[in-house]
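Each value in this text was obtained by applying a stated rule to the coordinates, not by laboratory testing. Note that this is a predicted model, so its numbers are computed, not measured. Virtual Cβ from ideal backbone geometry, glycine too; neighbours counted across all protein chains shown.
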Amino acid sequence: MSFNSRGFYAAVVILAVAIDQCIKYLVETELAMHVQVEVLPFLALFRTHNTGIAFSMFSDLSGVALIVLTLGVVGVVTWIALRTDEDHRLARLGFALIVGGALGNLIDRVWHGYVIDYILFHLPTWSFAIFNLADAFISVGAALVILQEFIVWRRSRGSSAQ
């Protein structure tokens, strides 16, 4: 399976979902709710349930609405990914990570009615939103898409200057 094949990107999606769900299973079965377990001075495990999406946005929407919204996002991102040039490998990998992360959170929402979050970055006087690996996949995926666009922009700018 080559890096350019659709099978490779499908495998990335499946692997992202599988890793996310395995970790969430361990968190749900082994980590007490709302108990902070320090890993590093700035990183802790903290199990909580998120009924919204990123940063608890849209938590007032029904579960069905959030499921439909997530399916719509997955559909649009997949559609864009399938139309992305094969040589835009970073963007295609990014889209696969976005879809894998979104599907991981979608499984939670359908199965539990909420998303399992457990990663907390913090300082003594500040803490970041609690999130999960699926959220990290989505963020890294988006960063890869942006990086690819920046690379394409720089190349086109360099070639037009000559």
Once residue 26 and residue 149 are pulled to full extension, the length gained, defined as 0.36 nm per residue separation minus their Cα-Cα distance, is 40.6 nm
Yeah, the chain with a ≥ b ≥ c from its alpha-carbon gyration tensor (a/c under 1.5 is rounded, else prolate when a/b outruns b/c, oblate otherwise) is prolate
Percent of all alpha-carbon pairs of segment 69-162 at distances over 17 Å, whole number, is 59
Among 88, 99, 136, the residue whose Cα sits farthest towards the positive end of the charge dipole of segment 74-162 (+1 at Cβ of Lys and Arg, -1 at Cβ of Asp and Glu, taken about the Cα centre) is 88
With the 8 Å Cα cutoff and a minimum separation of six or more residues, the chain has a relative contact order in percent of 28
To the nearest 10 degrees, the tilt of helix 63-82 (Cα long axis) against the first principal axis of the alpha carbons of the chain is 20
Residues whose modelled amide H sits under 5 Å from the amide H of residue 130, counting only those 5 or more places away in sequence or on another chain, are none
Nearest 10, in degrees from 0 to 90: the angle of helix 6-30 to the longest Cα principal axis of the chain is 10
Of the convex hull enclosing the alpha-carbon atoms of segment 115-162, the direction-averaged projected area in nm² is 5.0
Packing-ranked peptide list from 78-87, 44-53, highest mean Cβ count within 10 angstrom first, is 44-53, 78-87
Non-local residues with an amide H under 5 Å from the amide H of residue 43, with H modelled 1.01 Å from N and Pro and chain starts lacking one, are 122
Applied in sequence order to segment 115-129, the curve 6.51 cos²θ - 1.76 cosθ + 1.60 (Karplus, θ = phi - 60°) yields integer Hz couplings, x standing for Gly and Pro, of 9, 7, 10, 7, 9, 10, 8, 7, 10, x, 10, 8, 9, 8, 4
Taking Cα atoms, the helix 133-161 axis meets the longest principal axis of the chain at an angle in degrees (rounded to 10) of 20
